[in-house]
Amino acid sequence: MNPSFHFPFRDALRLAAALAVFTSPVCADDQASWKFSFGPGKVPPDYTQVTPTTAYSDGTGFGFEPGTTVSATDRNGDDPTTAGFVTSDKPFYFSVKVPPGNYNVTVTLGDLNDVSATTVKAESRRLMLEHIVTTKGQTVTRTFTVNVRTPAIAGGGQVSLKDREKTEEWGDWDDKLELEFNDTHPCLCSMTIDKVDCPTVFIMGDSTVCDQPVEPWNSWGQMITRFFKPGVAVSNQAESGEAIASSLHARRFDKVFGDMKEGDYLFIQFGHNDQKEKPPASAMGSYKDDYEKKCIEPFKSKGGNVVVVTSMFREGDATSGKWDSLKDFPEAARQAAADEGVTLIDLNAMSKLFYTALGSNVHAAFALTDHTHHNNYGSYELAKCVIEGIRQSKLDLAKFIVDDDTGFDPSKPDPADTFVMPASVASGTVKPEGN
């Protein structure tokens, strides 16, 4: 495990779970709905009460993760779904054991006696709800859709996970739906979880798009969830250090092809690591051929919609002004999309506009001393670029874009100095694999 990975209360638990999943069958539970009421006081009919001492266990299948500390308050309101709540001055984590699939999560937030502010992330820091503020006496109900998966591949076998995917990244692969509640005064009153049949957006790629498990790293793949309404789920199966060839070898694409259904989407972004393979992949040769024959065509053949996303530039391209570090790989991706007649989102071109707009402050989009991987701000802006690409491409998926996103010009990004994103507990200092 990464020696600078700081998440003291879940490492051992996740390691044990990671070992268990390879020696026991995937959860066969056919339950499809859960209801929870948080805090003391009245409990609505058919709801399960959750108190600060409700710790997660496999036996109950729900509860707060180890290390989570919350307090509970009863405001004695007339409505039992809003009368009480749990809160904390630190991020807190609540998990429910669920079978693989897509779930609508509906949360009721607020404090009848005070202002509240809640940000919700799911699984491995996927942003679901951003800074939901309620005034004194107000509660709100919000719904979002989350994908839960395990390494099992339909038809047999499992994804060949890297060691870190079995430890600090295990939240993306275990049999639990894990939710993080964060912000200045997060107040959780009640929650329902319902399994749903809905479109899935699968994402395949490398460290610049995968669910990064620790602060300050982040990717557009774990920010894009914030910009979708309920009714579409994102299954981000990208991984740090991956190229097309290694993802195929690890059966990551087999996993996606086995899970997909007609009408689903596959967003593919590779290039950063493919150019550094030994021997290096040929952009217009093996890389483009694999893109078309082994990635795009199998998904299309099953009735899926493929979106090719070109890789964003590295910071050095902006500071040097040469814009050449990715060589011919973005162009090869463009040609693969054209050859196969699928949608192209040219994040490579949009990132150039974004970085150029930041000027001498371009590193504000990157994490620590990293010049390839982004922080929360950089990934948030790149996610807005991808959303804009969805909108401009007139994909059916555009109907799920949230109402408060009315368009984005990457040459006019949000100011970096006013951007705020509540940090998750997990942090580290070692760069993600890949560059």
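What follows draws every value from the coordinates through simple rules; no lab data is involved. Computed from a predicted structure; not experimentally measured. Heads up, the Cβs are rebuilt from the backbone with ideal geometry, glycines too, and the neighbour counts pull from every protein chain shown.
Details
- Sites residue 249 and residue 71 - FRET efficiency at Förster radius 56 Å, r taken between beta-carbons, to 0.05: 0.70
- Separation of the stretch 180-234 and the stretch 358-435, taken as the distance between their Cα centroids, equals 14 angstrom.
- Charge dipole (the stretch 335-435, unit charges on Cβ, about Cα centre) - positive-most of 349, 430, 360: 360
- Multiplying the residue separation of residue 411 and residue 356 by 0.36 nm and removing their Cα-Cα distance gives an extension gain of 19.1 nm.
- Out-of-range pairs (alpha-carbon distance over 26 Å; input 302/431; 121/394; 162/255): 302/431; 121/394
- Antiparallel bridges, percent of DSSP beta bridges restricted to the chain (to nearest 5): 70
- Near-label residues of the stretch 278-316 by backbone N, under 17 Å of a point 7 Å along Cα→Cβ of residue 196: none
- Dipole of the chain computed with +1 at Lys/Arg Cβ and -1 at Asp/Glu Cβ about the Cα centre; of 245, 377, 311, farthest Cα towards the positive end is 245.
- Ellipsoid equivalent to the stretch 320-432 - semi-axes via the Cα gyration tensor, in Å: 25, 20, 14
- Surface/4 estimate of mean projected area, convex hull on alpha-carbon atoms of the chain, nm²: 19.8
- Listing 390, 132 from fewest to most neighbouring C-beta atoms within 10 Å gives 132, 390.
- If you take all other residues with their beta carbon under 11 Å from the beta carbon of residue 421, and give Lys and Arg +1 and Asp and Glu -1, the sum is 0.
- Part-to-part distance (alpha-carbon centres) for the stretch 64-127 and the stretch 288-355, which is given in Å: 39
- Dipole magnitude for the chain: about 180 debye, using +1 per Lys or Arg Cβ and -1 per Asp or Glu Cβ, origin at the Cα centre.
- All Cα pairs of the stretch 230-299, percent lying beyond 20 Å: 30
- Working note: 222 nm ellipticity from helices only, DSSP H runs with n ≥ 4, each -39,500 (n - 2.57), summed and divided by the residues of the chain, gives -5500 deg cm²/dmol to the nearest 500.
- Relative to the longest principal axis of the Cα atoms of the chain, the long axis of helix 376-392 makes an angle of roughly 70 degrees.
- For the options 190, 235, 160, a Gaussian network treatment of the chain with springs between C-alpha atoms closer than 10 Å singles out 160 as fluctuating the most.
- If R0 equals 25 Å, the separation of the Cβ atoms of residue 58 and residue 140 corresponds to a calculated FRET efficiency of about 0.15.
- In the chain, a dipole from Cβ-located charges (positive for Lys and Arg, negative for Asp and Glu) runs towards its positive end, and of 159, 267, 59 it is 159 whose Cα lies farthest in that direction.
- The alpha-carbon atoms of the stretch 1-197 define a convex hull whose volume equals 117 cubic angstrom per residue.
- Compared with the dominant Cα axis of the chain, that is its longest principal axis, helix 347-358 is turned about 80°.
- Tilt relative to the chain, helix 329-340 - C-alpha long axis, 0 to 90 degrees, to 10: 90
- Once the Cα-Cα distance is subtracted from the 0.36 nm per residue extended length, the residue 162 to residue 90 segment shows a gain of 22.9 nm.
- Shape of the stretch 198-421 from the C-alpha gyration tensor: oblate (a/c of 1.5 or more and a/b not above b/c, with a ≥ b ≥ c the square roots of its eigenvalues).
- Efficiency of FRET from Cβ geometry, residue 392 and residue 433, R₀ 41 Å, rounded to 0.05: 0.80
- Net charge, residue 388 excluded, C-beta distance under 10 Å - Lys, Arg +1, Asp, Glu -1: 0
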